[in-house]
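For reference, the structure is listed below as structure tokens.
The values are calculated or read from the model by the stated rules, or taken from the named source; none is laboratory data. Computed from a predicted structure; not experimentally measured. Neighbour counts are summed over all protein chains in view; Cβ atoms, including those assigned to glycine, are modelled from backbone coordinates with ideal geometry.
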Amino acid sequence: MTTPAATRPAAAERHDPLRAAARAVLTLAVRGRRAEGGPWGEAVLREFDQTTGRWEALRWTAGGVRAALRERRTRAATGAPAVHRPWRAVGLTLALVGVLAVVVRLWVLQFVYIPSGSMQPTLTIGDRVAVEKLSHHAGVDRGDVVLYEQRGRSSVKRVLGLPGDRLECRDGRLLRDGAPVDEPYLTPGTVTECAPVTVPAGALYVLGDHREVSHDSRRDGFVPQDTVFGTALGVAWPLG
């Protein structure tokens with residue numbers, strides 16, 4: 001038996017939980033608990049599978065929910081049978097909140113647990129750090145604390161070198177292009193040791209604030225810029 005196009009998931013949707021969640025919300029808005037919604041809503045639902053990517057799916061869902069609600073109001077105003085069940089509105093609201101939470105988690109804000117002391121005293125073991133995931137697309141700055149992935153693991157370190165920067169260590173201090181780098185976030189008396197390097201294109205040089213114990217670019221090499229997926233805003237927990 002052939003599965004109707006309106007209920008057959010697209011290949012991308014089967015592998016993308018965000019698209020699947022968006023389609024579930026749209027289906028709930030169009031049909032509620034009925035087997036089929038109104039003609040406009042069903043048309044919108046069929047067209048969902050023609051969308052590509054997450055943002056297009058979310059935009060289509062937002063517009064489709066509005067269209068489905070308008071269609072319901074029109075049916076009610078023209079005397080078409082309508083059953084008002086408050087739990088449907090509650091269910092739709094909860095579903096929309098769930099999709100919004102997924103969107104925020106994937107693209108806007110993430111809370112990261114700090115498991116080591118490599119960023120002390122700025123970040124300590126057990127801190128939960130708020131990481132925003134938008135601004136880094138426009139580039140990061142020297143001094144930013146970033147979340148990135150390297151060798152299959154997520155790490156949080158401070159950016160000390162951008163492409164073209166010449167870095168070296170002398171007398172326990174980090175120098176950039178021959179000038180000492182001001183690092184007020186370090187514990188007084190910190191000694192920084194490193195080999196001289198020039199940061200290549202498309203890469204970053206990162207260090208932990210606790211230089212004696214941090215595994216960073218001195219050991220693991222440069223960090224590709226496209227592996228950065230967030231910039232730390234600050235400690236969200238514990239408060240104060």
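Annotations
- Verdict on HIS215 being out of contact with any strand residue (DSSP E or B) (no Cβ under 6 Å at 6 or more places or on another chain), closer than 26 Å to ASP226 by Cβ, surrounded by 12 or more Cβ atoms within 10 Å (Cβ to Cβ) and assigned by TED's automatic domain parsing to the domain that holds GLN225: yes
- In the range 120-132, the residues that are among the acidic types (Asp, Glu) and surrounded by fewer than 16 Cβ atoms within 10 Å (Cβ to Cβ): GLU132
- Flag if VAL235 is β-branched (Val, Ile, Thr), in contact with a helix residue (DSSP H, G or I) (Cβ under 7 Å, 6 or more places away or on another chain) and within 20 Å of LEU109 (Cβ to Cβ): no
- Within the range 133-153, the set of residues being loosely packed, with under 15 Cβ neighbours inside 10 Å and either on the phi > 0 side of the Ramachandran plot or at pLDDT below 95 (or both) comprises LEU134, SER135, HIS137, ALA138, GLY139, ASP141, GLY143, GLU149, ARG151, GLY152, ARG153.
- Residues of the range 168-194 that turn out to be exposed (fewer than 10 other Cβ atoms within 10 Å of the Cβ) and under 23 Å from SER116 (Cβ atoms), as a count: 3
- Residue count for the range 198-211, restricted to those that are more than 26 Å from the chain's Cα centre (by Cα) and either buried (at least 18 other Cβ atoms within 10 Å of the Cβ) or within 30 Å of ILE125 (Cα to Cα) (or both): 3.
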